[in-house]
């Protein structure tokens with residue numbers, strides 16, 4: 001998706017559509033917003049017929065041929081939807097002050113995104129970076145080989161370091177680590193540092209059941225492996241529900257694992 005400043009530069013005449021309240025089952029939560037110009041959209045309030053109604057109302061406002069500043073839409077059969085809840089919307093023409101407010105809000109959201117470190121930019125690392133790029137996560141790819149960093153998706157954050165395992169201590173609590181390097185010994189060093197922390201939402205390593213057993217044995221010999229360490233390690237990543245080892249498939253399944261683990265961590269932390 002085009003970033004907000006670019007969208008606004010191309011579409012200065014824009015209506016801000018906010019979800020101000022919800023009741024029952026709804027496709028998006030209060031606080032969600034979208035921008036509507038005469039020819040383009042930025043973001044979504046959930047799709048479906050109620051979003052089409054909101055777009056039409058916003059464009060009527062832009063053209064000066066009507067439109068209302070507030071809508072209360074039942075998400076039922078009368079509009080061809082079956083969520084069953086209600087959504088309240090507010091419509092405002094975007095001003096300079098509103099633009100600054102939105103930019104500050106998005107900057108705050110970005111600052112608090114969960115941190116995900118991908119150690120390794122090989123085939124699966126690149127595929128996983130691409131799979132995670134559109135998600136609400138702060139993703140950084142860590143490598144020891146500079147040439148591998150050139151093949152990542154645009155705007156990917158990267159770190160080139162000689163000792164990747166030293167970065168593990170810096171990831172905030174609740175973050176996720178995925179270990180996909182070209183060197184099993186390096187994988188093991190990174191994993192030992194990660195499993196030594198009990199406050200990460202997800203620690204995953206590419207490999208097999210054999211690699212898991214080998215790592216467990218190595219960890220025991222090297223003075224690690226306290227009770228519960230191996231239980232915190234997802235190895236292999238991607239699960240076994242789909243038996244397809246193409247990098248893009250592993251990446252899709254691993255992305256789902258990461259999101260699930262991050263959500264579970266947030267729920268535990270808030271309870």
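The values are calculated or read from the model by the stated rules, or taken from the named source; none is laboratory data. All values derive from a computational prediction rather than experimental measurement. Using ideal geometry, Cβ is built from the backbone for each residue, glycine included, and neighbour counts are taken over all protein chains shown.
Structure values in brief
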{"quantity": "Flag for residue 18 being surrounded by 15 or more Cβ atoms within 10 Å (Cβ to Cβ) and in a strand (DSSP E or B)", "calculated": "yes"}
{"quantity": "Residues (modelled with pLDDT under 90, in contact with a helix residue (DSSP H, G or I) (Cβ under 8 Å, 6 or more places away or on another chain) and within 17 Å of residue 19 (Cα to Cα)) located in segment 54-82", "calculated": "67, 73, 75"}
{"quantity": "Given (1) over 27 Å from the mean Cα position of the chain (by Cα); (2) farther than 23 Å from residue 106 by Cβ; (3) outside any loop (DSSP other than H, G, I, E, B), number of the condition residue 68 does not satisfy", "calculated": "(3)"}
{"quantity": "Flag for residue 152 being closer than 30 Å to residue 205 by Cβ, modelled with pLDDT under 90 and either under 26 Å from the mean Cα position of the chain (by Cα) or assigned by TED's automatic domain parsing to the domain that holds residue 59 (or both)", "calculated": "yes"}
{"quantity": "Number of positions in segment 92-128 that are in a helix (DSSP H, G or I) and either under 22 Å from residue 173 (Cβ atoms) or in the same structural domain as residue 256 (by TED's automatic domain parsing) (or both)", "calculated": "11"}
{"quantity": "Residues of segment 143-168 satisfying the condition of being in contact with a helix residue (DSSP H, G or I) (Cβ under 7 Å, 6 or more places away or on another chain) and either surrounded by fewer than 16 Cβ atoms within 10 Å (Cβ to Cβ) or not in a loop (DSSP other than H, G, I, E, B) (or both)", "calculated": "143, 151, 153, 158, 159, 160, 161, 164, 165, 168"}
